[in-house]
1. Of the conditions (1) on the phi > 0 side of the Ramachandran plot; (2) touching a residue at least 40 places away in the same chain (Cβ under 8 Å), A:Gly57 satisfies every one except a single condition; which number is it?
2. Name, by its number, the condition in (1) modelled with pLDDT under 95; (2) within 11 Å of chain B (Cβ to nearest Cβ) that does not hold for A:Pro39.
3. From (1) over 20 Å from A:Gln3 (Cα atoms); (2) over 10 Å from the mean Cα position of the chain (by Cα); (3) open to solvent by 10 Å² or more (accessible area, probe 1.4 Å), pick out the condition that doesn't hold for A:Thr20.
4. Filter region B:37-68 down to the residues that are open to solvent by 90 Å² or more (accessible area, probe 1.4 Å) and part of a strand (DSSP E or B), then identify the one that is nearest to B:Tyr105 (Cα to Cα).
5. Answer with yes or no whether A:Ser99 is out of contact with any strand residue (DSSP E or B) (no Cβ under 9 Å at 6 or more places or on another chain) and within 13 Å of chain B (Cβ to nearest Cβ).
6. Looking at A:Val84, A:Val89, A:Val64, which is the one that is β-branched (Val, Ile, Thr) and in contact with an Asp or Glu (Cβ under 9 Å, 6 or more places away or on another chain)?
7. For region A:50-63, what are the residues that are within 14 Å of chain B (Cβ to nearest Cβ), open to solvent by 20 Å² or more (accessible area, probe 1.4 Å) and within 18 Å of A:Val89 (Cβ to Cβ)?
8. Just the residues that are part of a strand (DSSP E or B), within 14 Å of chain B (Cβ to nearest Cβ) and open to solvent by 10 Å² or more (accessible area, probe 1.4 Å), please, taken from region A:64-96.
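The values are calculated or read from the model by the stated rules, or taken from the named source; none is laboratory data. All of these numbers come straight from a predicted model, not from anything done at the bench. A quick note on method: Cβ atoms are made from the backbone with ideal geometry, for glycine too, and the neighbour counts reach across all protein chains shown. Accessible surface areas use protein heavy atoms only, side chains included; no ligands, DNA or RNA. Shrake-Rupley method; radii C 1.70, N 1.55, O 1.52, S 1.80 Å.
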Amino acid sequence: GIQVEQSPPDLILQEGANSTLRCNFSDSVNNLQWFHQNPWGQLINLFYIPSGTKQNGRLSATTVATERYSLLYISSSQTTDSGVYFCAVSSARQLTFGSGTQLTVLP
Amino acid sequence: EAGVVQSPRYKIIEKKQPVAFWCNPISGHNTLYWYLQNLGQGPELLIRYENEEAVDDSQLPKDRFSAERLKGVDSTLKIQPAELGDSAVYLCASSLGLAEVETQYFGPGTRLLVL
């Protein structure tokens, strides 16, 4: 099956800092989603981005499908950005998740 | 529009007891998924339904786990008997079911603790 690797596994930032999270995947995919799992466990959709670049407020994502990676950018981080960020990919309907990046934003 | 609804949110049981989780997908979503999330890991698919048909249950431990989606709307996931290793978060997700590749939307999950 498809392998998904996320880096870094843990990230601690001061409020206001910028960060980049990376997702590498082992095979061609036609579905890539970024999720934020908040401290209460809710998985929140951030981006559906199998290719190209999208932006939503302070967040943006870029997927380079031919090189099998995706990047999630967080600018001007806030304490509410804390949580785990997951990348999930699929070539059909079954999503395969990475192990996530645990982000902690300090006030 | 309401999101995916799951209940209960938390469940504590003793080992060897049965337990059931309920999921109501987003209205109009034909595809329903059950995922298992262990601590510190990403969710893993247990079973996928297209309407009332289970089309991918290869990861479901069928000796103790069962699921149903009567009438193609709500779904129930059951464990009988529960084991200590079943302690995890059980997530339900849904998608429209109109295309091969779609955005999946997740419920808040049921946190199970088996003592």
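1. For A:Gly57, the failing item is (2).
2. (2)
3. (2)
4. So in region B:37-68, the residues open to solvent by 90 Å² or more (accessible area, probe 1.4 Å) come out as B:39, B:44, B:52-53, B:59, B:62-63.
Next cut, part of a strand (DSSP E or B) only: B:44, B:53.
Working: B:Glu44: 15, B:Glu53: 19 Å.
Restricting to residues being open to solvent by 90 Å² or more (accessible area, probe 1.4 Å) and part of a strand (DSSP E or B), the top hit is B:Glu44.
5. On the way: out of contact with any strand residue (DSSP E or B) (no Cβ under 9 Å at 6 or more places or on another chain): no; within 13 Å of chain B (Cβ to nearest Cβ): yes.
No, not satisfied.
6. Details: A:Val84 fails: in contact with an Asp or Glu (Cβ under 9 Å, 6 or more places away or on another chain); A:Val64 fails: in contact with an Asp or Glu (Cβ under 9 Å, 6 or more places away or on another chain).
Answer to the selection: A:Val89.
7. Of everything in region A:50-63, those that are within 14 Å of chain B (Cβ to nearest Cβ), open to solvent by 20 Å² or more (accessible area, probe 1.4 Å) and within 18 Å of A:Val89 (Cβ to Cβ) turn out to be A:Pro50, A:Ser51, A:Lys54.
8. Step one: list which residues in region A:64-96 are part of a strand (DSSP E or B), which gives A:64, A:69-74, A:83-90, A:96.
Filter once more, so that each one left must be within 14 Å of chain B (Cβ to nearest Cβ): A:83-90, A:96.
Listed by number, the residues that qualify are A:Val84, A:Thr96.
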